[in-house]
Amino acid sequence: MVSIYFSGIDLGSTMTKVVIIDDNDKICASIIKHTDAEHRRLANIVMMEALEQAGLSFNEISYIVATGYGRMIVPFADRQITELNCHSRGLSQLFPNVRLAIDIGGQDAKGLQIQNGKLVDFVMSDKCAAGTGRYLEVIAQALGIAIDELGTISLKSTRKIPISSTCTVFARQEVVSHLSRGVPAEDIIAGVHDAIASMVVRMIGRLKIEPDVLFTGGVAKNSGMVKALKEKLGGELFIPEQPMLSGALGGALFGKEIVMKALSQNKPVPRGERCLEKATFFQ
């Protein structure tokens, strides 16, 4: 029996992700790259890399769903679906019992209430970068530390230093002030993580917090942030093996559902005007 393949592309503000699955929901390829200024060209590149990884041609992909910040400018997508719905769908595939997901990405933080695999409510941070990957990036720069090292360093802390400001600019000034007084970097970072966790828990306060609670997005790779959130929530926190791929996975699963529904009803598959070459005009 010939397999059928589906793909989701999540073009986020800081990272772009692609997933290809087969008709048994097996992930055949996944790619994660930093989002650059030429979004359409990047969409083309990551898709081509995913196809190469899976050993497939573009024409072998039955359906492509685009999601995320830049979903409307992916020229070869058959459909665009919001990141909130795609994240919920992808997470439900990975964790069927999920009830609440906390997603912290490069530019925003979100709380997703999920029931039976579907999004039923959500909250989002405002436009400020407070509590996001960008916020942590600024703090890391102020400390002269690689952002990937923040989590490991913070776990060495013996005394969290309170960080009063969630504004990126003022928080940076606060961090520099603590450094100038000789406060250990690990205590400052632990304080930053604690401040973000407090903000996120306040944000999701109007949602019903019940197991299973998931933590996704790029910031979920930060072990110190995971520890801080667990402490604030007072319970278990599950993290996908690849916390940045849930949106792209959800897109691919939605694509599969669209195709299978059309085939079962003996109807044409609804799709956009797919053409991968449209994305190459920047080259």
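Read-outs: derived from the displayed coordinates by stated rules, not from any lab. As the structure is a prediction and not an experimental result, all values here were calculated from the model. Every residue, glycine among them, receives a Cβ derived from its backbone with ideal geometry; neighbour counts consider all protein chains shown.
Given 37 °C and 0.692 mPa s, how large is the Stokes-Einstein diffusion coefficient of segment 21-172 in µm²/s, with Rh as the Kirkwood radius over Cα pairs?
It diffuses with D of about 180 µm²/s by this estimate.
Only Cα pairs within less than 10 Å get springs; with that Gaussian network setup on the chain, which residue of Ser165, Ser157, Ser177 has the largest fluctuation?
Checking each option, the largest mean-square fluctuation is seen for Ser177.
Compute the Rg/Rh shape ratio of the chain: radius of gyration over Kirkwood radius, all on alpha-carbon atoms.
Working: Rg = 20.0 Å, Rh = 19.7 Å.
Ratio of gyration radius to Kirkwood radius for the chain: 1.02.
Name the residue, out of Pro268, Pro162, Pro96, whose mean-square fluctuation peaks in a Gaussian network model built on the chain with Cα pairs under 10 Å.
Largest GNM mean-square fluctuation: Pro268.
Tell me the Kirkwood radius of segment 96-233: reciprocal of the mean inverse pair distance over distinct alpha-carbon atoms, in Å.
Numbers: mean 1/r = 0.0663 Å⁻¹.
Hydrodynamic radius (Kirkwood, Cα pairs) of segment 96-233 is 15.1 Å.
At q = 0.14, 0.18, 0.19, 0.25 Å⁻¹, what base-10 log of I(q)/I(0) does the Debye formula yield for segment 1-103 when every alpha carbon is treated as an equal point scatterer in vacuo?
The computed values of log10 I(q)/I(0) come out as -0.51, -0.84, -0.93, -1.44.
Run the helix sum for the chain: -39,500 (n - 2.57) per DSSP H stretch of 4+ residues, divided by residue count, reported at 222 nm to the nearest 500 deg cm²/dmol.
On the way: 8 runs with 106 residues, N = 283.
Result for the chain: -12000 deg cm²/dmol, rounded to the nearest 500.
Pick out, in residue order, every one of the trypsin sites (Lys or Arg not before Pro) in segment 53-132 that is DSSP loop and has at most 14 other C-beta atoms within 10 Å; say none if there are none. All intermediate terms of the calculation are to be shown ahead of the outcome.
On the way: sites: Arg71, Arg79, Arg89, Arg99, Lys110, Lys118, Lys127; in loops: Arg99, Lys127.
Of the trypsin sites (Lys or Arg not before Pro), the ones in loops of segment 53-132 whose Cβ has at most 14 other Cβ atoms within 10 Å are Lys127.
Check every DSSP H run in the chain and write down those whose alpha carbon atoms cover 20 angstrom or more along the long axis and whose mean Kyte-Doolittle hydropathy is 0.5 or greater. Present the calculation step by step, with values, prior to reporting the outcome.
Values: long enough: 39-54 (22 Å, -0.04); 185-203 (27 Å, 0.93); 246-264 (27 Å, 0.83).
Answer set is 185-203, 246-264.
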